[in-house]
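Report on the structure given below.
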Amino acid sequence: MESGKSNKKITKIEGADEQSTASRGFVPTEESKGKATQLRMFAALSWLGAIGAQIGAIMLLFKQPVNMTWIIALIVVDLALAILGSYLWKKSNRLDPASEKNKFMFFMQSQLGLVVAIIAFLPLVIFVFTSKNLDGKQKGIIGGIAAVALVIAGIAGTDFNPPSVEQYTEQTEQVEGLNNGVNHVFWTKSGKSFHLFQDCGYINSDRTTEIFQGTVAQARELKNITDLCDRCEKRAEKNKAAENLLETPETEESVLETEAAE
């Protein structure tokens, strides 16, 4: 199936095989696995720093007089490191997603940022509201800030559309089925869908200066795009139907009509 040409700059993303892979299930490349491992190490370090900031804030609660400025500063550091760790962890999951076969392990890998957010803030909230060194006003201020930070970190750590091996495989199968067995798509920096045709009107427009070309997995890894363009899907289905019609052998009736005419 040929796609029309685009007058935009086409940037091909290297490092992945565009040939059919869906039949054996999605398997990340060694390069993707290596990057995912590295990102997870940095995420773990960020989360350890966040928990360390929380411990520091809790320790300050036992000192008289209570230094609210330092406690609030440590809460801010805790929040920043928790969010950074969650961002890196979610990015690593796009490179090397978990399988949905084990529901518990899939949840833990996909939503570990949420779990860590609870660990990094809930103990502090409990210590603040049970502290005997804080008066009501101090508990309200510090506890309120810590509670808000917990909510923000929890939202940042939650993956609302977690990737999975099964999801990657299904999306790849869909693209290959419409694209003559080739795992090959296009997307843009600001787009929310991947496309089968580089001349699709949604990406080949005046607003677009560069179009990226790669595999379904790369579109997920680099941009976390999860949807196939509806216009491209309908166009591909129409092309496939036309190809099938051309390849359909003549029926017995049509052969008889041809012989009669001769």
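Of the residues making up segment 101-123, at least one is touching a residue at least 12 places away in the same chain (Cβ under 8 Å), more than 18 Å from Ser46 (Cα to Cα) and touching a Ser or Thr at 6+ places or on another chain (Cβ under 7 Å).
Here's the yes/no breakdown for (1) at pLDDT below 95; (2) surrounded by fewer than 16 Cβ atoms within 10 Å (Cβ to Cβ):
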position	(1), (2)
Thr37	no, yes
Gly49	no, no
Pro65	yes, yes
Val77	no, no
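Segment 83-174 holds helices (runs of 4 or more DSSP H) entirely within its bounds, and those carrying 2 or more residues that are of a type in the set (Val, Ile, Thr) and in the same structural domain as Gly56 (by TED's automatic domain parsing) map to 112-130, 136-157. The set of residues in segment 32-73 that are in a helix (DSSP H, G or I), among the polar types (S, T, N, Q) and farther than 15 Å from Ala146 by Cα comprises Ser32, Thr37, Gln38, Ser46. If I filter segment 216-247 down to residues being in contact with a Leu (Cβ under 8 Å, 6 or more places away or on another chain) and outside any helix (DSSP H, G or I), which single residue comes out as farthest from Val175 (Cα to Cα)? Ranking the candidates gives Cys229 first. When residues in segment 79-92 are screened for being closer than 10 Å to Gly113 by Cβ and buried (at least 20 other Cβ atoms within 10 Å of the Cβ), 7 of them pass. For segment 211-248, the tally of residues that are under 16 Å from Phe186 (Cα atoms), charged (D, E, K, R) and touching a residue at least 60 places away in the same chain (Cβ under 8 Å) stands at 2.
The single residue among Ser205, Ser254, Ser190, Ser164 that is surrounded by 17 or more Cβ atoms within 10 Å (Cβ to Cβ) and either modelled with pLDDT of 90 or more or on the phi < 0 side of the Ramachandran plot (or both) turns out to be Ser164.
The values are calculated or read from the model by the stated rules, or taken from the named source; none is laboratory data. Computed from a prediction, not measured in an experiment: that's the story for all the values here. As a convention, Cβ positions derive from the backbone with ideal geometry for all residues, glycine included, and neighbour counts pool all protein chains shown.
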